[in-house]
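The values are calculated or read from the model by the stated rules, or taken from the named source; none is laboratory data. All figures in this text were calculated on a predicted structure; none of them were measured in a lab. No Cβ is skipped: glycine too gets one built from the backbone with ideal geometry, and neighbour counts run over all protein chains shown.
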Amino acid sequence: MLKGKNIKLRALEPTDVDILYHWENDDKIWHLSNTVTPFSKFDLEQYVISSQQDIFTTKQLRLMIDKIDKGNQKVTIGSIDLFDFDPANKRAGIGILIVKEERRKGYAAEALELLLEYCFKILHLHQVYCNITINNTASLNLFKKHNFKIIGKKNEWLHIKDKWMDEYVLQLIHYQA
């Protein structure tokens with residue numbers, strides 16, 4: 001289920017600490033995860049260890065996105081997250097990170113399709129949502145293409161590089177046939 005034509009989604013492994021360290025300490029993307037401080041390798045090692053717990057315990061899930069290589073070599077190109085998992089109300093937030101060199105190649109779309117299938121068929125969620133800055137047209141187009149609808153706008157929600165940025169909330173409600 002978590003394998004597509006070009007990518008596969010997999011659980012975190014201890015060997016992912018170095019790449020997480022690089023991503024999580026890139027202050028240019030801290031606004032995407034509401035981060036304002038760097039992470040130590042120790043913190044990330046503990047995070048990877050705790051990520052082996054059930055999503056019902058941690059209320060979050062991070063899956064690494066690996067590009068399927070013809071030589072069966074693992075090339076990690078991003079991650080996709082479920083956060084604010086709320087099993088009682090059957091909903092969760094979604095976030096995606098694809099490394100700059102691999103963007104606009106369809107990997108985010110394929111990862112999102114795989115994750116949505118997991119959310120609706122395995123976790124039996126009723127809805128998922130995401131938060132996207134109004135100037136992030138690539139992400140807006142990606143989620144809209146997957147039938148997410150803009151349901152609200154948070155004005156001056158994020159303070160990025162001395163400017164206030166508005167953020168959209170998008171939602172996808174899953175109606176079972």
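With respect to residue 118, determine if the residue is under 21 Å from residue 148 (Cα atoms), buried (at least 16 other Cβ atoms within 10 Å of the Cβ), of a type outside the set (Lys, Arg) and out of contact with any Leu (no Cβ under 8 Å at 6 or more places or on another chain). Answer is no for this residue. From the list 130, 119, the lone residue that is in a helix (DSSP H, G or I) and under 26 Å from residue 51 (Cα atoms) is 119. All but one of (1) free of Cβ contacts under 8 Å to residues at least 40 places away in the same chain; (2) crowded, with 17+ Cβ neighbours inside 10 Å; (3) charged (D, E, K, R); (4) closer than 14 Å to residue 3 by Cβ hold for residue 91, so report the exception by its number. Condition not satisfied by residue 91: (4). Taken as a whole, the condition of being surrounded by 11 or more Cβ atoms within 10 Å (Cβ to Cβ), in contact (Cβ under 8 Å) with a residue 40 or more places away in the chain and at negative phi applies to residue 110.
Considering segment 158-173, and only residues there that are assigned to a strand (DSSP E or B) and surrounded by fewer than 12 Cβ atoms within 10 Å (Cβ to Cβ), the residue that is modelled with the lowest pLDDT turns out to be 159. Could you tell me which residue of segment 121-157 is surrounded by the fewest Cβ atoms within 10 Å (Cβ to Cβ), considering only residues that are farther than 25 Å from residue 63 by Cα and either polar (S, T, N, Q) or at pLDDT below 95 (or both)? Step by step, filter segment 121-157, then rank; the result is 155. Sub-8 Å Cβ pairs linking a first residue in segment 46-73 that is at pLDDT below 70 to a second residue that is exposed (fewer than 12 other Cβ atoms within 10 Å of the Cβ), at least 6 apart or interchain, are 48/14, ordered by first then second residue.
Rundown of residues vs (1) in a strand (DSSP E or B); (2) farther than 22 Å from residue 3 by Cα; (3) of a type in the set (A, V, I, L, M); (4) out of contact with any Ser or Thr (no Cβ under 9 Å at 6 or more places or on another chain), yes/no style:
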position	(1), (2), (3), (4)
63	yes, no, yes, no
112	no, no, yes, yes
150	yes, yes, yes, yes
156	yes, yes, no, yes
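Annotation note: Cβ proximity below 9 Å between a residue of segment 128-150 that is closer than 13 Å to residue 116 by Cα and a residue that is of a type outside the set (A, V, I, L, M, F, W, C) and assigned to a helix (DSSP H, G or I) (sequence gap 6+ or interchain) occurs for 130/139; 146/113.
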